[in-house]
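The structure appears below as structure tokens.
Rule-based calculations on the coordinates, nothing more; no lab input. This one's a predicted model, so the numbers in the text were calculated from it and none came from an experiment. Glycine also receives a Cβ, built like all others from the backbone with ideal geometry; neighbour counts cover every protein chain displayed.
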Amino acid sequence: MLDGVADAPAIFIMATMGITVTQTSVRNILTRSSGYLHSVASHSLQPYRGCSYGNSLCGAGCYVQHNVFVTKGRPWGDFLEVRRNAAESYLRGFERERNWARQKLGSFGIFMSSSTDPFVPQEGRFGISKSLLEAMLLHPPDSLMLQSHSHRLSDYCPLLRQLAGETRLSCQLTIESDMDRLPGLPPPASTVDRRFEAAARLRDAGLKVVITVAPLLPIDRPEEFLRRIAQVADAVVIDHFIGGDGSDDGRRSMKTALPAAMAQVNAASIDLSYRDAIVRLANSIMPGRVGVGKDGFAGRYLPAPSNAGS
Ligand code: SF4
């Protein structure tokens, strides 16, 4: 996902644990959506460029690694640019972008984030996402989708509760499988259990929680997994790397180690029919609360099956 901005020269900060962290400033933090996100939200917003989770499980198939505009040839997971003026840029662009979105699309919605994770470990030090959420309290979008792979999202519960009073807020936590490991791939940024605990905390705080099973990985015990999701989430969105990785046939993901690792666990899982079977099961367990692909990310859910509840 392009984030169409020209950043100022980076100020080098540190290179620890294999990741180079720099500070930059961004010209326009609000990017008008295109491609996959077009029907999901009017804008995307990246507090950071690069992602500290690039060398974890989700990074293995992460489609952003193919975006040379973002990587500039750097290995994915090896760099993080801290956009120190992100909140200032948001406030400066707010009125212009809100007016544009409302006029063109009827609503000013933000997807945060599509090319990084707002809750990377470095957020604890730099607080860029926090500063953006605080800026949104002053000037809220019509809707905000907060998307993360990390349990750290739930550290922001008090602020998120305030924000939920000002905008349609959806806390989207990705849990792609009930398994923490796939053969030959690194561990996840947050364990499955920690992410479920975070989802429960967010829900207990009265926030809307959506679990994004994206990309869908092989699931050891599908029924148990989906029932667990049903307990902590308002909805589930299921997406496969085919159709969900920015190419129409999954070819971007096929260049990565992800499909082979998936196939080692369950050969059927690299086919769209696997997604369809999981979707059917999910809709029987969470009728009317299941979304597929970008429709799901946009909050458009499948109708409940006619025999639901019978
Ligand atoms: S958290 Fe998101 S952006 Fe970061 S590596 Fe994982 S999938 Fe990619």
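Between Ser284 and Asn28, what is the spin-label point distance in nm, taking each point 7 Å from the Cα along the Cα→C-beta axis?
Output for this residue pair reads 4.9 nm.
Over the chain, what is the relative contact order in whole percent, taking alpha-carbon pairs under 8 Å and six or more residues apart?
15
Per residue of the range 282-289, in order, report the coupling 6.51 cos²θ - 1.76 cosθ + 1.60 (Karplus, θ = phi - 60°) as ³J(HN,Hα) in whole Hz, putting x for Gly and Pro.
4, 6, 7, 8, 10, x, x, 10
Considering only DSSP beta bridges where both residues belong to the chain, give the percentage that are antiparallel (nearest 5).
The antiparallel fraction comes to roughly 30 percent.
Take every Cα-Cα pair in the chain and report what % of them are more than 23 Å apart.
The calculated P(r) of the chain puts 54 percent of pairs beyond 23 Å.
For Met179 and Ser273, calculate 0.36 nm times their separation in residues minus their Cα-Cα distance, and state this gained length in nm to one decimal.
Taking 0.36 nm per residue and subtracting the Cα distance, the gain is 31.8 nm.
Using 0.36 nm times the number of residues separating Arg300 and Glu166, minus their current alpha carbon distance, what extension gain do you get?
46.1 nm
Quick one: compute the contact order of the range 166-310, relative version, from alpha carbon pairs under 8 angstrom and 6+ residues apart, as a percent.
Once divided by the residue count of the range 166-310, the mean separation gives 22 percent.
Near the amide H of Asn28, under 5 Å away, which other amide H atoms are found, from residues 5 or more places off or on another chain, if H is placed in the peptide plane?
Ala6
Looking only at Arg203, Arg195, Arg92, which one moves most when the chain is put into a Gaussian network model with springs between Cα atoms under 10 Å?
Taking springs between Cα atoms under 10 Å, the residue moving most is Arg92.
Give me the percent relative contact order of the range 102-195, please, defined on Cα pairs under 8 angstrom at least 6 residues apart.
Relative contact order comes out at 28 percent.
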